[in-house]
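Remarks on the structure that follows.
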Amino acid sequence: MVELFSQADTWVVLITLTFLEIILGIDNIIFISITAGKLSEDNQKKAIRLGLLLAMLFRILLLFGVSYLIAMKDAFFSFDYSWLRANITGQSMVLFLGGIFLIYKSTSEIHQKVENISHSKVKAVAASFVKVIVQIVLIDIVFSFDSVLTAVGMTNGLQGALPLMIIAVIVSIIIMMAFANPVSNFVNKHPAIQMLALSFLILIGFMLITEGAHLSNTELFQQHIGAIPKGYLYFAIVFSLAIEFLNMRFRKNVKNT
């Protein structure tokens, strides 16, 4: 272990992995923030903290079960129609179902806001601490699955990869916990940012579905469905946020004049 951390390449991989885990965890923070936003202020911080701790736990458990995770690449069900064929694997099912859940949850949140359902009414009808935590756990599993698959692919063949990935997960979660509450407060105080964040989650859900289809070698009308490069999606998210921040600055300047 000491020899492992005495090498410069080890620190480069560790820093890269930690940065990657933070980037992949941003959508997790957004979902947790919006879901926890229905709770009372006393329970919001508790739900966010618990949600991120569970995310760390699931990631570490998946890393220890990485051999089983890789084995989930094997198809357990196949179908072949004239217009649609696929070899369904465990990995593809988790990503596909997670993507559907994320799209459903984000769409229902947008519906509530567009229909102007009062925040207090939503709290009374739909928001209990247990229900919020269950939703956070479900999406934590999906995001952890995607995050670990990416990390495993990045460190494939590297000696001592497991401890490096575990350290990267722990450090990234600690960093995210430090910034989670400010991010949550900012998102919940700005309706435009919240709508934008929900739209991002729909895109991420669609990306998870296509990634699941890609892993199951799905062909639609004899065209293979490929995974959407994450870089394209993150660029679109950053670009959209930059435009919205400019709009916020513009509205603030107009208000002050």
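Figures for the structure shown
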| read-out | value |
| --- | --- |
| Pick from region 142-180, criterion modelled with pLDDT under 80 and of a type in the set (S, T, N, Q), ranking: nearest to Leu57 (Cα to Cα) | Ser147 |
| Count of region 117-140 residues which are modelled with pLDDT under 80 and out of contact with any Leu (no Cβ under 7 Å at 6 or more places or on another chain) | 11 |
| Spans of helices (runs of 4 or more DSSP H) in region 1-116 with at least 2 residues modelled with pLDDT of 85 or more | 41-64, 90-114 |
| Residue pairs meeting the criteria (Cβ under 9 Å; at least 6 apart or on separate chains; first closer than 12 Å to Ile30 by Cβ and in contact (Cβ under 8 Å) with a residue 24 or more places away in the chain, in region 173-190; second assigned to a helix (DSSP H, G or I) and hydroxyl-bearing (Ser, Thr, Tyr)) | Ala180/Ser33; Val183/Ser33; Ser184/Ser33; Val187/Ser33; Asn188/Ser33 |
| Checking Gly226 against (1) of a type outside the set (Val, Ile, Thr); (2) modelled with pLDDT under 85; (3) surrounded by fewer than 18 Cβ atoms within 10 Å (Cβ to Cβ); (4) part of a helix (DSSP H, G or I), the condition it does not meet | (4) |
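The values are calculated or read from the model by the stated rules, or taken from the named source; none is laboratory data. Note that this is a predicted model, so its numbers are computed, not measured. Note that each Cβ is placed from the backbone with ideal geometry, even for glycine, and that neighbours are counted across all protein chains shown.
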